[in-house]
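Colleague: Take a look at the following structure, please.
The values are calculated or read from the model by the stated rules, or taken from the named source; none is laboratory data. Bear in mind that the values here come from a model prediction, so they are computed numbers and not experimental data. Virtual Cβ from ideal backbone geometry, glycine too; neighbours counted across all protein chains shown.
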Amino acid sequence: MTEILSLCYVFILSGKTELAYTSTDVSVGTTVMKIIALTFVSGICKEIYFRGLAKKFCGQVMGETQALLLFNVMFAMLDWYNIGFSFVAGLVWIGVYKKTNHLLPCMIAHGGANLTVIIYVIVTSGLV
């Protein structure tokens, strides 16, 4: 139950998106929840939604490239605090997805970017 409440705090009460989350709370429990939520869940779910579904369903209606670009704009708007980074990263991940025709590299890159930010926050907080 504590984990669920922690996730609610991170995503709802903080009012910031994953990469913008700058809390200096580096307790073991919070850090583990951040890693699980932002690295695995966010990386996998967002890529399935913003790349996979865009290509599979909207690509048939409006064309694959147009659908991926439209969903990339929505992806960037979701991360409003980091809209520029999210938009550029999304363009890179679109290129990777179109070249490989697999979501796994995009999921790994997304999760890796989030993990990098978590590590950065931990290291710069001075508690490590």
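Colleague: Can you spot a residue in the range 51-66 that is touching a helix residue (DSSP H, G or I) at 6+ places or on another chain (Cβ under 6 Å), of a type in the set (S, T, N, Q) and in a helix (DSSP H, G or I)?
Modeller: Within the range 51-66, none of the residues are touching a helix residue (DSSP H, G or I) at 6+ places or on another chain (Cβ under 6 Å), of a type in the set (S, T, N, Q) and in a helix (DSSP H, G or I).
Colleague: Return the total of residues in the range 86-108 being touching a residue at least 12 places away in the same chain (Cβ under 8 Å) and either more than 20 Å from Val41 (Cβ to Cβ) or assigned to a loop (DSSP other than H, G, I, E, B) (or both).
Modeller: Looking only at that region, the number is 7.
Colleague: Which numbered condition in (1) modelled with pLDDT of 90 or more; (2) farther than 25 Å from Lys34 by Cβ; (3) surrounded by fewer than 20 Cβ atoms within 10 Å (Cβ to Cβ) is the only one that Gln60 fails?
Modeller: (1)
Colleague: Now, a different point. Based on this model, can you work out whether Asn72 counts as crowded, with 16+ Cβ neighbours inside 10 Å and under 23 Å from Lys34 (Cβ atoms)?
Modeller: No: the conditions fail for Asn72.
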